[in-house]
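Okay, structure first, notes after.
The values are calculated or read from the model by the stated rules, or taken from the named source; none is laboratory data. Just so it is clear, the structure is predicted and the values come from calculations on it, not from any experiment. Here the Cβ is made from the backbone with ideal geometry for all residues, glycine too, and neighbour counts use every protein chain on show.
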Amino acid sequence: MSTQLQYARLGEITEVMQMVADAEEVEQQWLINEVAAGRCVIPFNKNRNKKCKLVAIGNGLSTKINANIGTSPMHCDVEEELDKLHTAINYGADAVMDLSTGGNIRAIRRKILSESDVIVGTVPIYAVEIDLERKGKDISCMDPEALFAEIEEQAADGVDFMTLHCAVTKRSLSFLRQNARKTGIVSRGGALLYRYIENTGKDNPLYEQFDRILDICYRHDVTISLGDGLRPGCASDASDSAQIAEVLVQGELVERARAKGVQVMVEGPGHMPVDQIAFNIQLIKHICRGAPLYVLGPLVTDAAAGYDHIAGAIGGTIAAASGADFLCYLTPAEHVSLPDADDVREGVIASRIAAHAADVAKRIPRAIHRNNLVSDARFKLNWEEMFSSLLEPGKARYKKSLQNTGSEEFCTMCGQLCAMKIYRETK
């Protein structure tokens, strides 16, 4: 046996499962059942340091947050990326993805893996494309063997989960041709595979040779994240036939991964109007047999550049309350630049607020308990007790410190007219 999924199917509680059950404050047997059914995953490569903070992602658990970091060909500073890594972790991210495309990306990935206290994900096709570009070629010249070798190398390095765009196929792309989009393909992995398929006439090797992926992920217990290469990139493209065609392939691959004993989750929509989010989440969950769902945002408007972390938090709240399990943050830099550490902080906090709001709606006990702690402290006008229960107390403490009321009992908004003070003191 090699994977947490296989152990769970046998009813065996592993050390990893014990740690996760304790951290999540859930019954061990319940967690075993959910992992065995594939409704929860525990991304943890067997080659990773066990000091890594382990989490489970999926049904009945708190909504988790991922932060994307990584270099670009236009800006590559490893120390900056490590600063972003630690910022993301310090502000509460449950996972990071290294999306580096500039510099020595293998060395960068290994450095991030060595310094990360949380689970780490990657997109292996990026490394393959960068290697080709350095040889004056593009993805059309890709030898599929290079792609599988890259997946194997990253698995051996200790990557916990990988985004693999296996469902971008000739068949799913046929729907894209039939129904023109405003923004075409906005997934980098999806666009690369689209070019490969169009220019070579061959199908996606990640789909055609999916069993090879399963063999690699089985040996290392890497969780597959089935990428949404045809996700909508603007509100007008949401819920179109190409998006749904890809979801149908993802559903097929979920079944094949589970049959092999490989943990798998599914990536979902990006840009989506508010009124379509719940329907999409429920549809994807149904087609993909309850597999954990990982969403980017969703972004509820295309007109919020500079504030996309807010647009994404709105969509993320609705998505998670409707059944999504894992939110990929967006930062204020989305659509305009590579994020810096401040952008990472803002993105993580916005997504944590979205996740917490959704967890309250889902009646997750820990989320409700935190809300009640804040409410009780606020009613008592106990500022420090309130601060200590906030998702991120730093800004609230700072704002309170700016104005001195002459009394710790109330703030400068209401002063002596504080409604809760009046209510409490009235007899």
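Laid out as a table, the results:
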| read-out | value |
| --- | --- |
| Considering residues of segment 287-310 that are under 18 Å from the mean Cα position of the chain (by Cα) and part of a loop (DSSP other than H, G, I, E, B) only, the residue modelled with the lowest pLDDT | G297 |
| Boolean, I119 is out of contact with any helix residue (DSSP H, G or I) (no Cβ under 6 Å at 6 or more places or on another chain), assigned by TED's automatic domain parsing to the domain that holds I349 and part of a strand (DSSP E or B) | yes |
| Wholly enclosed helices (runs of 4 or more DSSP H) of segment 124-224 bearing at least 3 residues under 22 Å from the mean Cα position of the chain (by Cα) | 124-134, 144-157, 188-200, 210-220 |
| In segment 311-326, residue farthest from I224 (Cα to Cα) [restricted to those that are assigned to a loop (DSSP other than H, G, I, E, B) and in contact with a strand residue (DSSP E or B) (Cβ under 8 Å, 6 or more places away or on another chain)] | G323 |
| Helices (runs of 4 or more DSSP H) (entirely within segment 339-389) containing at least 1 residues that are touching a Gly at 6+ places or on another chain (Cβ under 9 Å), assigned by TED's automatic domain parsing to the domain that holds D98 and basic (K, R) | 341-361 |
| The lone exception for S225 - which of (1) in contact (Cβ under 8 Å) with a residue 60 or more places away in the chain; (2) more than 22 Å from V295 (Cα to Cα) it fails | (2) |
| Residue among S388, S401, S375, S351 that is hydroxyl-bearing (S, T, Y), surrounded by 15 or more Cβ atoms within 10 Å (Cβ to Cβ) and either within 30 Å of D94 (Cα to Cα) or more than 28 Å from the chain's Cα centre (by Cα) (or both) | S351 |
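Each row is one residue, and each column tells you yes or no for (1) touching a Gly at 6+ places or on another chain (Cβ under 8 Å); (2) surrounded by 18 or more Cβ atoms within 10 Å (Cβ to Cβ).
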site: R256; (1), (2): no, no
site: E267; (1), (2): yes, yes
site: G270; (1), (2): yes, yes
site: V274; (1), (2): yes, no
site: L283; (1), (2): no, no
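Okay, residues lined up against (1) part of a loop (DSSP other than H, G, I, E, B); (2) in contact with a helix residue (DSSP H, G or I) (Cβ under 8 Å, 6 or more places away or on another chain); (3) small (G, A, S); (4) surrounded by 24 or more Cβ atoms within 10 Å (Cβ to Cβ):
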| site | (1), (2), (3), (4) |
| --- | --- |
| S2 | yes, yes, yes, no |
| I13 | yes, yes, no, no |
| Q29 | no, no, no, no |
| P43 | yes, no, no, yes |
| S62 | yes, yes, yes, yes |
